[in-house]
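Chemist: Below you will find the structure I want to go over with you.
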Amino acid sequence: MKNLLLSVVFLFALHIPYVNADEEASSYISHIGKPSNVKGLKRIQQNLVAPPFFPEHQQIYVGKPRVIEIEMVIEEKEIEIEPGVFVQAMTFNGTNPGPMMVVHEGDYVELTLKNPDSNMLLHNIDFHAATGALGGGALTKVSPGEQVTFRFKADRAGTFVYHCAPGGLMIPYHVVSGMYGAITVLPTGGLKDQHGKTVTYDRAYYIGEQGWYIPQDKDGNYKRFNNAIEAYADTLAVMRGLIPTHVTYNGKKGALTGANALKAKVGETVLFVHSQANEDSRIHLIGGHGDLVWPGGSFNNVPTVDRETWHVNGGEAVAAIYTFQQPGLYAYLNHDLIQAFMLGGAAHIKVEGLWNNDLMEQVEKPSPINAN
């Protein structure tokens, strides 16, 4: 029965011409061509962690390239994105977004991707950081019960999206079902400011913004499905409207607010990486700024400075740095305020430290209007 459902879904989803792109890309791969250059390189295993955190990493590295070994497991699972609203999500390592990976320019990323037989769908991974047709999507297709190992050279510095791209309509369906993440490729010698001086950070946070397209029944109640195949047709109908019903930061409304707020201290420099796999976003830190923002997430670009709002295009990750100068609760949000306040696209940063009245103070408390 499971195989029959898979066949029906894929016959419908893969009818458009794009499905053949991965097959054509595969035809160019030749073992007779230039060989990979990894023999003798040091191998390092990177242990992934759940967002909003980064795995352990060096900010500055100037040695020989290494092979960074990473293992990631695909998980199809139901998640509750706000009380009473459920989605049949597709995830890397069980989280939305998938975990952050961190390497340095010139390193090789060697990923083992596992698709357990408890899943129902074929999956793969497209790295926007990779050089080669379809970002490795043609080399990483795995059916339930399979695993694949794939390697690419991180030949350009920046922050990049990765996502599932199995072909046809399944590409947007998997992405809007939560199946994306990000990788940071730090430049040799570390980050640089607009003057070329080295910049370091005290904390790093990864925020993945997700638009969800959840079907409703005739009474306006959000539907709940048993699996991703059952949800497919109804979800595509909502997707065609191009307007998400919900927006989350890191997989759930309120995932980064209240008790889950991000933390920092006055004087600390924080690196924020924000990714959006499908829609565009406009990021604003209320009460703060983008001290340095790398356009398009490319660390080879000279960072822009003192930004009030910075754009994140659908299908990219953007890096920004800010040094907190005042304590308090900061809102980090999509400055499409409709999406932030009505759909859920917001996070908080709780900053501890001493207040500086020279930067801001209340001169007089509220009082009755003086008629004179």
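Chemist: Sorting 77, 265 on the 10 Å Cβ count, fewest up front, what's the list? Show your work: numbers first, answer last.
Modeler: On the way: 77 17, 265 14.
Going from least to most buried by this count: 265, 77.
Chemist: Angle check, please: helix 2-13 long axis (alpha carbons) against the longest principal axis of the chain (alpha carbons), in degrees 0 to 90, nearest 10.
Modeler: 70
Chemist: Now for a separate question. When each pair of different Cα atoms in region 289-365 is counted once in the 1/r mean, what is the Kirkwood radius in angstroms, to one decimal?
Modeler: 14.6
Chemist: At 0.36 nm per residue, and after removing the present C-alpha to C-alpha distance, how many nm does the segment from residue 217 to residue 148 gain when stretched out fully?
Modeler: Full-extension gain reported as 20.9 nm.
Chemist: Also, quick follow-up: Determine the dipole magnitude for region 193-296: charges of +1 sit on the beta-carbon of Lys and Arg, -1 on that of Asp and Glu, nothing else is charged, the reference point is the Cα centre, and the result goes in debye to the nearest 20.
Modeler: Rounded to the nearest 20 debye, it is 220 debye.
Chemist: If the cut-off is a Cα-Cα distance under 16 Å, which aspartates and glutamates reach residue 223, setting aside same-chain residues fewer than 8 apart in sequence?
Modeler: Once the sequence-local aspartates and glutamates are set aside, what remains near residue 223 is 78, 80, 82, 234.
Chemist: Continuing with the same structure: About the Cα centre of the chain, what is the dipole size in debye to 20, counting +1 per Lys and Arg Cβ and -1 per Asp and Glu Cβ, all else neutral?
Modeler: With only Lys, Arg, Asp and Glu charged at Cβ, the dipole is about 700 debye.
Chemist: If you take semi-axes √(5λ) of the Cα gyration tensor in Å from the coordinates, which of (i) 37, 29, 16; (ii) 50, 27, 19; (iii) 43, 22, 19 do you get?
Modeler: Answer label, from the structure shown: (i).
Chemist: Next question, about the same structure. How big is the gap, in Å, between the Cα center of region 271-317 and the Cα center of region 351-372?
Modeler: That distance is 31 Å.
Chemist: Compare the Cα positions of 228, 245, 115 along the charge dipole of the chain (+1 at Cβ of Lys, Arg; -1 at Cβ of Asp, Glu; about the Cα centre) and return the one farthest towards the positive end.
Modeler: 115
Chemist: Determine, from the Cβ-Cβ distance of residue 363 and residue 308 and an R0 of 35 Å, the FRET efficiency 1/(1 + (r/R0)^6), rounded to the nearest 0.05.
Modeler: Result of the calculation: an efficiency of 0.90.
Chemist: Roughly how many debye, to the nearest 20, is the charge dipole of region 143-216 about its Cα centre, given +1 on each Lys and Arg Cβ, -1 on each Asp and Glu Cβ, and no other charges? Show your work: numbers first, answer last.
Modeler: On the way: 6 positive and 5 negative charges, 54 e Å.
Its charge dipole is roughly 260 debye.
Chemist: With both partners inside the chain, how many of the DSSP beta bridges are antiparallel, as a percent to the nearest 5?
Modeler: Here the antiparallel bridges make up roughly 70 percent for the chain.
Chemist: Considering the zone a paramagnetic label at residue 37 would reach in this model (a point 7 Å from Cα along the Cα-to-Cβ line), which residues of region 150-184 have amide N under 15 Å from it?
Modeler: So the set is 152-156.
Chemist: If you don't mind, another one. For helix 228-239, what angle does its Cα long axis make with the longest principal axis of the chain, in degrees from 0 to 90 and rounded to 10?
Modeler: So the inclination is approximately 60 degrees.
Chemist: So the label point goes 7 Å from the Cα of residue 265 along Cα→C-beta, right? Which residues of region 196-239 then have their backbone N under 14 Å from it?
Modeler: Counting backbone N atoms under 14 Å from the label point, the list is 202-203.
Chemist: Shifting gears a bit: Based only on Cα atoms, what mean projected area does the convex hull of region 76-141 have, in nm²?
Modeler: If I average the Cα hull's projected area over directions, I get 5.7 nm².
Chemist: Now, a different point. Across bins of 10 angstrom width beginning at 0, how are the C-alpha pair distances of region 72-224 distributed, in whole percent?
Modeler: 10, 36, 30, 16, 6, 1
Every number here is computed from the coordinates shown, using simple stated rules; none is lab data. Note that the structure is predicted; figures quoted are calculated from it, not measured. Reconstructed Cβ throughout: ideal geometry from the backbone, glycine too, with neighbour counts over all protein chains shown.
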